[in-house]
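Working notes, structure below.
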Amino acid sequence: MADLPDKAPPAPAEAAPKGTELIRRELATLPNEPGVYRMLDERGQLLYVGKAASLKKRVAAYAHPQKLSARLQRMVALTRALEVVTTGSEVEALLLEANLIKRWRPAFNIVLRDDKSFPYIALRRDHAFPRLHKHRGARRPDSEYFGPFASAGAVNETLNALLRAFPLRSCKDTVFESRSRPCLLYQIKRCTAPCVGRIAPEEYRKLVEEVREFLTGRSREIRERLKAEMEAAAERLDFERAAVYRDRLKALAHIQSRQGINTDAVADADVIALALQGAQACIQVFFYRDGRNYGNRAYFPGHVRDSEPGEILQAFIAQFYAERSPPALVLLAEPVPEQELLAEALSLRAGRKVTIRVPQRGDKRRLVELALKNAQEALGRRVAELGTHAGLLEDLAERLGLETVPRRIEVYDNSHVQGALAVGAMVVAGPEGFDKRAYRTFHIKQAPTPGDDYAMMREVLQRRFARLVKEDPERAGPGWPALVLIDGGAGQLAAAREVLEGLGLGDLVVVAIAKGPERDAGRERFFMAGRQPFVLDPKDPVLYFLQRLRDEAHRFAVSSHRGRRAREVGRSVLDAVPGVGARRKRALLQHFGSARAVAQAGLLDLEQVPGINKAVAKAIYDHFHDSG
């Protein structure tokens, strides 16, 4: 008889619960309070964020997947962890949900795409001569903001016309403080040159007040006042002054005529409408401020399959206003679930009452129908473009011999001037076109030999893919490209392959696009590892598609380089001198005429500049004459 073991073998470890089993187990500990819940997959990636008036009751719905949509059934099946956070009210839960969705963009939530910030017209308040300029991004407490405008083009056009009517300064403080004579804007009557005292402070303040009045809707009073002043100047035979008022009136008329469909139906309002077609959605937003149309913009939210129109609109509105202040009135083409709760949340965020309405008749209804028509037309164009784009990706896979249709393509290029201020650029394209949120720039850190594009390409790819390997070594996330395109020939391809193989990524498909003879578009040569260089038919749509990808990368690289160069040009060597601020810099430039002359000046000469004492003069001299 065999000997019995001293003790029984350990029982097999119990498998961790998942899906509906996990949810049913967690229900016992969930509170009956408002809050936000998060579903996570086996890798800890966020799948879904939801809010609830009662966490226990809301999450219980996921324990019965047969009652859920196909999208949520897939989400429950992938769930491996559930996290909750309680809030003081359902309104707070709604705001937290919107913030989390915007930040993490979960795979199963309706997600707002292309949500870049809107441009505004900003007017400084903390300066003797306030600056009027375009602003995008976080608001500062020292400025007033007017907008939003739907595009940079709309705000630029309005700003140019405003400066014709109200010639305030638009330059930065550093430029303003360093001027010793009027700039070109003064010569073309776009500025009154307060930097050199060409306008009295009280006259400048009058211009500022007129701008403020015009941008807050009191344009009629300003026009009447300017007209009266023009007529009075003409009666005094001061025809030059009358012409100034005439030109300002013409500029104001131009602003109002270029702001599209103006209306008396609303003062400050956003008009929002949704169009659906299959699995695609378009939301059109029109912006009205002081009864003037500041433009419109189309949005195409993601993950809308199996979602109801009201659900899509509610998710969009919550995310859309997560980082911007809503107007007093939001007009919708159709109602949304929990409309009063949503209005309460927007009011809490804005710090004042916000009303959400679905007008049924009258002028407000016509505004909503206009937005709906634009949404339908934009969606029709989008669907047509996506159908063409999907076909191009399939044809591209065939031409390049790829095993699958690429869902993420990364295109690389760089830009520099003789190696200086070199910038590498990456653009991303996929089934829905260019993904501008995924674009990246790389400031080349190693000083390359002028013209050494190989070294720059190596550095960009090394930094990009080394980080990607570190963040996602299993290559399971969506950030990995199926195809890498680079601008260049066999040399660039070899440099790229060297970097990727060194990182253990030799299986990534890399294609180099070399310009044709005499840079002739349509005669490009393509280089791939293990394949002879080849060309495509000049009339092949795939060739046009690849040219578009390459040209977009080139455009982005050049614009990024120009931006970096402009920032560098705007700096002065005097900025690096300790103890020299804007006022002393202006005094030095007025005395010597240029920064180079300051650098070459002797110690005694520096001491003669008003406002420069001996200690500061010694610091400036030592800065430029350090013998080491």
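Looking at this structure, is Ile283 among the β-branched types (Val, Ile, Thr), on the phi < 0 side of the Ramachandran plot and buried (at least 21 other Cβ atoms within 10 Å of the Cβ)? The answer is yes for Ile283.
Okay, residues lined up against (1) among the charged types (D, E, K, R); (2) more than 32 Å from the chain's Cα centre (by Cα):
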| position | (1), (2) |
| --- | --- |
| Glu21 | yes, yes |
| Leu30 | no, yes |
| Glu33 | yes, yes |
| Val36 | no, no |
| Leu40 | no, no |
| Arg43 | yes, no |
| Leu47 | no, no |
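As for region 190-209, it holds no residue that is open to solvent by less than 80 Å² (accessible area, probe 1.4 Å), in contact with an Asp or Glu (Cβ under 9 Å, 6 or more places away or on another chain), modelled with pLDDT under 85 and not polar (S, T, N, Q). Here Ser151 passes the criteria (1) within 24 Å of Phe287 (Cβ to Cβ); (2) modelled with pLDDT of 90 or more; (3) small (Gly, Ala, Ser) except the one numbered (2). Go through region 389-422 and give me each residue that's at pLDDT 85 or above and in contact with a Lys or Arg (Cβ under 6 Å, 6 or more places away or on another chain). Hits for region 389-422: nothing passes. Taken together, Glu229, Glu177, Glu213, Glu240 contain a single residue that is open to solvent by 40 Å² or more (accessible area, probe 1.4 Å), without any contact (Cβ under 8 Å) to a residue 12 or more places away in the chain and either over 28 Å from the mean Cα position of the chain (by Cα) or over 20 Å from Gly291 (Cα atoms) (or both), which is Glu240.
Test Gly489 against the criterion of being within 26 Å of Thr441 (Cβ to Cβ), at pLDDT below 90 and over 27 Å from the mean Cα position of the chain (by Cα), and give yes or no.
yes
Across region 382-393, not a single residue is classified as part of a strand (DSSP E or B), of a type in the set (Ser, Thr, Tyr) and either within 30 Å of Ala318 (Cβ to Cβ) or open to solvent by 50 Å² or more (accessible area, probe 1.4 Å) (or both). Annotation note: of Gly424, Gly430, the sole residue that is closer than 30 Å to Leu386 by Cα and without any contact (Cβ under 8 Å) to a residue 40 or more places away in the chain is Gly430.
Residue-by-condition table, conditions (1) modelled with pLDDT of 85 or more; (2) assigned to a strand (DSSP E or B); (3) basic (Lys, Arg); (4) open to solvent by 40 Å² or more (accessible area, probe 1.4 Å):
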| residue | (1), (2), (3), (4) |
| --- | --- |
| Asn262 | no, no, no, yes |
| Ala267 | no, no, no, yes |
| Ile272 | yes, yes, no, no |
| Asn296 | no, yes, no, yes |
| Asp306 | no, no, no, yes |
| Ala318 | yes, no, no, no |
| Pro327 | yes, no, no, no |
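Here is the figure for region 440-449: residues that are surrounded by fewer than 16 Cβ atoms within 10 Å (Cβ to Cβ) and in contact (Cβ under 8 Å) with a residue 60 or more places away in the chain total 1. Screening the candidates Lys436, Lys470, Lys445, Lys515 for the property of being modelled with pLDDT under 90 and out of contact with any Lys or Arg (no Cβ under 9 Å at 6 or more places or on another chain) yields one hit, Lys470. Hey, could you check region 404-431 for residues that are over 17 Å from Val542 (Cα atoms) and outside any strand (DSSP E or B) and say which is most open to solvent (accessible area, probe 1.4 Å)? Filtering first and then ranking leaves Gln418.
So that you can scan it fast, the table gives a plain yes or no per residue for (1) open to solvent by 30 Å² or more (accessible area, probe 1.4 Å); (2) touching a strand residue (DSSP E or B) at 6+ places or on another chain (Cβ under 8 Å):
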residue: Pro31; (1), (2): yes, yes
residue: Gln45; (1), (2): yes, no
residue: Val49; (1), (2): no, yes
residue: Ser69; (1), (2): yes, no
residue: Met75; (1), (2): no, yes
residue: Ser89; (1), (2): yes, no
residue: Arg124; (1), (2): no, yes
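Filtered by the rule that a residue be modelled with pLDDT under 90 and at negative phi, region 42-58 gives Glu42, Arg43, Gln45. Going residue by residue through region 343-354, is there one that turns out to be in contact with a helix residue (DSSP H, G or I) (Cβ under 6 Å, 6 or more places away or on another chain), surrounded by fewer than 18 Cβ atoms within 10 Å (Cβ to Cβ), over 24 Å from Arg71 (Cα atoms) and hydroxyl-bearing (Ser, Thr, Tyr)? Within region 343-354 (the criterion being in contact with a helix residue (DSSP H, G or I) (Cβ under 6 Å, 6 or more places away or on another chain), surrounded by fewer than 18 Cβ atoms within 10 Å (Cβ to Cβ), over 24 Å from Arg71 (Cα atoms) and hydroxyl-bearing (Ser, Thr, Tyr)), the answer is no, since none of the residues qualifies.
Any residue in region 505-523 that is touching a helix residue (DSSP H, G or I) at 6+ places or on another chain (Cβ under 9 Å), among the β-branched types (Val, Ile, Thr) and in a loop (DSSP other than H, G, I, E, B)? Taking every residue of region 505-523 in turn, at least one turns out to be touching a helix residue (DSSP H, G or I) at 6+ places or on another chain (Cβ under 9 Å), among the β-branched types (Val, Ile, Thr) and in a loop (DSSP other than H, G, I, E, B).
Among the residues of region 484-497, not a single one is of a type outside the set (Phe, Trp, Tyr), at positive phi and surrounded by fewer than 19 Cβ atoms within 10 Å (Cβ to Cβ). On the stretch given as region 455-483, residues that are open to solvent by 20 Å² or more (accessible area, probe 1.4 Å), closer than 22 Å to Pro431 by Cβ and part of a helix (DSSP H, G or I) total 1. Exactly one residue out of Leu372, Leu379 is closer than 30 Å to Leu313 by Cα, aliphatic (A, V, I, L, M) and open to solvent by 30 Å² or more (accessible area, probe 1.4 Å): that is Leu372.
The values are calculated or read from the model by the stated rules, or taken from the named source; none is laboratory data. Keep in mind that this is a model prediction, so the values were computed, not measured. With ideal geometry, Cβ positions are generated from the backbone for all residues, glycine too; neighbour counts draw on all protein chains shown. The protein model used for the area step is the full one, side chains on, heavy atoms only, and it has no ligands, DNA or RNA in it. Shrake-Rupley method; radii C 1.70, N 1.55, O 1.52, S 1.80 Å.
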